[in-house]
1. Just checking, how many residues over segment 3-21 are charged (D, E, K, R) and not in a helix (DSSP H, G or I)?
2. How many residues are charged (D, E, K, R), over 19 Å from Asp17 (Cβ atoms) and surrounded by 13 or more Cβ atoms within 10 Å (Cβ to Cβ) if we restrict to segment 27-61?
3. Just checking, does segment 33-46 include any residue being more than 12 Å from the chain's Cα centre (by Cα) and not in a helix (DSSP H, G or I)?
4. Within segment 47-66, work out how many residues are farther than 15 Å from Gly37 by Cβ and either in a helix (DSSP H, G or I) or touching a Cys at 6+ places or on another chain (Cβ under 8 Å) (or both).
5. Of all residues in segment 49-63, how many are within 10 Å of the chain's Cα centre (by Cα) and free of Cβ contacts under 8 Å to residues at least 12 places away in the same chain?
6. Against the condition modelled with pLDDT under 90, under 21 Å from Thr95 (Cα atoms) and assigned to a loop (DSSP other than H, G, I, E, B), how does Leu24 come out, does it pass?
Amino acid sequence: MQRNLGHLLAVAHERADRWLAAELAAAGLKGLAPSHGDVFAILFKKGEATMHEIAAFARRTKPTTTILVDKLEALGYVARTASASPPPASAPSATRARGRS
């Protein structure tokens with residue numbers, strides 16, 4: 001049976017995600033998933049970002065981004081502050097205790 005390129009890429013992606021999740025857990029970073037990487041990347045680059053900016057950077061919908069940020073906030077990696085720009089919004093940033101050293 002011949003496998004197509006799309007299938008092979010999907011299998012490689014799944015295996016890479018499982019490996020990375022296992023490495024994060026082994027490092028004591030339980031609860032983190034590879035999908036949190038884009039959130040951390042923009043926050044470490046900018047310091048803080050609006051949910052819209054994070055969603056655009058991560059190429060995810062705003063509801064999906066909210067779920068990712070909510071989980072990081074619950075784990076103590078992200079703290080939200082009120083955004084100064086209208087309309088009112090939250091602006092997550094990485095915390096020093098967990099997300100930044």
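1. To start, the set of residues in segment 3-21 that are charged (D, E, K, R) comprises 3, 14-15, 17-18.
Narrowing further to those that are not in a helix (DSSP H, G or I): 3.
Going through segment 3-21 one residue at a time, the tally reaches 1.
2. Of the residues in segment 27-61, 3 are charged (D, E, K, R), over 19 Å from Asp17 (Cβ atoms) and surrounded by 13 or more Cβ atoms within 10 Å (Cβ to Cβ).
3. no
4. Within segment 47-66, residues that are farther than 15 Å from Gly37 by Cβ and either in a helix (DSSP H, G or I) or touching a Cys at 6+ places or on another chain (Cβ under 8 Å) (or both) number 7.
5. Result for segment 49-63: 1.
6. Values: modelled with pLDDT under 90: yes; under 21 Å from Thr95 (Cα atoms): yes; assigned to a loop (DSSP other than H, G, I, E, B): no.
Taking the combined requirement at face value, the residue does not satisfy it.
The values are calculated or read from the model by the stated rules, or taken from the named source; none is laboratory data. From a predicted model like this one, the values you see are computed outputs, not experimental measurements. Methodologically, a virtual Cβ is constructed for each residue, glycine included, from the backbone with ideal geometry; neighbour enumeration extends over all protein chains shown.
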